[in-house]
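Only the coordinates and a few stated rules stand behind these numbers; no lab work does. Everything quoted here is computed from the prediction, not taken from an experiment. Cβ atoms come from the backbone with ideal geometry, glycine included; neighbour counts cover every protein chain shown.
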Number of protein chains: 2
Amino acid sequence: MVAAFKALGHPTRLAILGWLKEPESFPPQDRPAAEVGVCLKHIQARAGVSQSTASQFMATLQRAGLVTCTRVGQWSHYRRDEDAIAALGQKVALNV
Amino acid sequence: MVAAFKALGHPTRLAILGWLKEPESFPPQDRPAAEVGVCLKHIQARAGVSQSTASQFMATLQRAGLVTCTRVGQWSHYRRDEDAIAALGQKVALNV
DNA sequence: GCACAACATCGATAAATCCCGATATTGCGA
DNA sequence: TCGCAATATCGGGATTTATCGATGTTGTGC
């Protein structure tokens, strides 16, 4: 739980999680984003950070359980874990 | 919002917020904790940190809007801001 | 006014985080 | 197999956070 809050306690990571609510707003890709998630390259481009930073941001969000990663060929696609996010919201409202 | 997550992204601060759900579980004080909040000294004692660290923890939680402070005489009492916490939970579940 | 108690703030050091470029890894196509 | 493209990981310098003791501030009681 602390890990999730740490992950959200960064403006860019918080923004990324918000962007992922509209996967279609990213440029098109081989496999549709609504299906497998958004390709790291597109996230990196929108965030305006280096490739390694983008990769680490997503790894942090993933370790926090807020996103999942689907690897297709050479692409890593990231998607919100809506269940985990909703559960976290519940915890904040009820158990924190 | 980022500030709130940063504040929660620390195990001790997160624990304190949880403790404040049961103000009665703290030692008795002049003014009842259920009314004005828990005295800083009691929070400090339970957290096992120095006085200055406890003070800064509560200041961080206060700046994040998660607790309110009621000063009575020489005592600072801290209380959860239930509305703000519930609103944050809503945001996590819906808007993040 | 004085001494003391509770709390806030300051100053400093140790630890963690941020963010990058460089390098390693893996998959794809020629 | 070779080279390239996408991603992950490594190593490090800059910045931020954590935490303390020391000091400042304010209220209380004598």
Inset, instruction - Starting from the Cα of residue A:15, move 7 Å in the Cα-to-Cβ direction to define the label point; list residues of the stretch A:68-96 whose amide nitrogen is under 16 Å from there. - result: none
Inset, instruction - Evaluate E = 1/(1 + (r/R0)^6) for residue A:94 and residue B:51, where r is the Cβ-Cβ distance and R0 equals 25 Å; express this FRET efficiency to the nearest 0.05. - result: 0.20
Inset, instruction - With unit charges on the beta carbon (Lys/Arg positive, Asp/Glu negative), name the residue among A:74, A:1, A:37 whose Cα is farthest towards the positive pole of the charge dipole of chain A. - result: A:1
Legend entry - chain B, helix-only ellipticity at 222 nm - DSSP H runs n ≥ 4, -39,500 (n - 2.57), divided by all residues, nearest 500: -16000 deg cm²/dmol
Inset, instruction - List the distances, in nm and shortest first, from the label point of residue B:82 to the matching label points in every other copy, placing each point 7 Å from Cα along the Cα-to-Cβ direction. - result: 3.1
Legend entry - Where Cα atoms sit under 23 Å apart: lysine pairs in the protein assembly as shown separated by 8 or more or lying on different chains: 16
Inset, instruction - Treat every Asp and Glu Cβ in chain A as -1 and every Lys and Arg Cβ as +1, leave all other atoms uncharged, and give the resulting dipole magnitude about the Cα centre to the nearest 20 debye. - result: 300
Inset, instruction - Work out from phi, with θ = phi - 60° and the Karplus expression 6.51 cos²θ - 1.76 cosθ + 1.60, the ³J(HN,Hα) of each residue of the stretch B:46-56, listed in order in whole Hz, and give x for Gly and Pro. - result: 5, 6, x, 10, 6, 4, 5, 5, 4, 4, 6
Legend entry - Inter-copy label distances at residue A:71 (7 Å, Cα→Cβ; nm, one decimal): 5.7
Inset, instruction - Rounding to the nearest 20 debye, state how big the charge dipole of the protein assembly as shown is about its Cα centre with +1 on each Lys and Arg Cβ and -1 on each Asp and Glu Cβ. - result: 520
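What does the net charge come to around residue B:58 if you take all other residues with beta carbon closer than 11 Å to its beta carbon, with K and R at +1 and D and E at -1?
Once all neighbours under 11 Å are counted, the net charge is +3.
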Inset, instruction - Round to the nearest 10 and give me the degree value, 0 to 90, for the angle of helix B:82-94's Cα axis relative to the longest principal axis of chain B. - result: 20
Inset, instruction - Return the long-range amide H neighbours of residue A:39 (sequence gap of 5 or more, or a different chain), with a cut-off of under 5 Å between placed amide H atoms. - result: A:78
Legend entry - Copies compared at residue B:24 - label distances in nm, ascending, label defined 7 Å from Cα in the Cβ direction: 5.3
Inset, instruction - Provide the gained length on full extension for the span residue A:70 to residue A:41, in nm with one decimal, where the gain is 0.36 nm per separating residue minus the Cα-Cα distance. - result: 9.0 nm
Inset, instruction - With N set to the residue count of the protein assembly as shown, report its C-alpha Rg divided by 2.2 N^0.38 Å to two decimal places. - result: 1.22
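Give me the mean projected area, in nm² to one decimal, of the convex hull enclosing the Cα positions of the stretch B:1-84.
One quarter of the hull surface, i.e. the mean projection, equals 5.0 nm².
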